[in-house]
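K.L.:
So that we are looking at the same thing, I have put the structure below in structure tokens.
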Amino acid sequence: MRTIRIDLQIWQLSGVFLALAGLVRFNRHTFSIFPEPKPAGILITSGIYSYIRHPMYAGLLVLYGTLLIQFFSWPRLLILLVLAIVFVMKILKEEEFLKGKFPEYAAYQQKTNRLIPFLW
């Protein structure tokens, strides 16, 4: 039981690290909770963004997923599923906007995965 708890804590910390690693790359001119990029925004492709395009979403899903395992309930599972669907919809919309604003975004998409390294 202790090993499982430690493993979950490592995954939880990994989720926090992933989300924070994505967040620290932004500044007040770039970060937005909305899918449309800010007018003064720049395309960030370095750091964690050289591996996946949406590390903040990935980190939050990892963190919430491990918390769900640790403190399972059906309502929490439903919340995770809704959150994942909202994130996927937001990612798809956000990437439309990014392709329109940044011509180099298509090449960046070819080099990185959206949310899960080596898968999607």
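K.L.:
Scan the range 30-63 for residues that are without any contact (Cβ under 8 Å) to a residue 40 or more places away in the chain and closer than 20 Å to L8 by Cα and jot them down.
P.N.:
Passing the criteria: P55, M56.
K.L.:
A further question on this structure: Could you please give the count of residues in the range 94-120 that are hydrophobic (A, V, I, L, M, F, W, C) and touching a Lys or Arg at 6+ places or on another chain (Cβ under 7 Å)?
P.N.:
Number satisfying all stated conditions: 2.
K.L.:
Further question: Quickly run through the range 96-120 and pick out the residues that are open to solvent by 70 Å² or more (accessible area, probe 1.4 Å), part of a loop (DSSP other than H, G, I, E, B) and over 17 Å from A40 (Cα atoms).
P.N.:
Residues satisfying the conditions are I116, F118, L119, W120.
K.L.:
Starting from residues that are open to solvent by 30 Å² or more (accessible area, probe 1.4 Å) and among the small types (G, A, S), keep the ones in the range 39-72 and report whichever is modelled with the lowest pLDDT.
P.N.:
Among residues in the range 39-72 that are open to solvent by 30 Å² or more (accessible area, probe 1.4 Å) and among the small types (G, A, S), the one modelled with the lowest pLDDT is A40.
K.L.:
Could you tell me which numbered condition Q70 fails, if it satisfies all but one of (1) of a type outside the set (G, A, S); (2) free of Cβ contacts under 8 Å to residues at least 60 places away in the same chain; (3) farther than 23 Å from K93 by Cα?
P.N.:
Just one mismatch for Q70, condition (2).
The values are calculated or read from the model by the stated rules, or taken from the named source; none is laboratory data. Being a predicted model, the structure only gives us computed values, none of them experimental. Note: ideal-geometry Cβ built from the backbone for every residue, glycine included; neighbour counts use all protein chains shown. Surface accessibility is based on the protein's heavy atoms, side chains included, excluding ligands, DNA and RNA. Shrake-Rupley method; radii C 1.70, N 1.55, O 1.52, S 1.80 Å.
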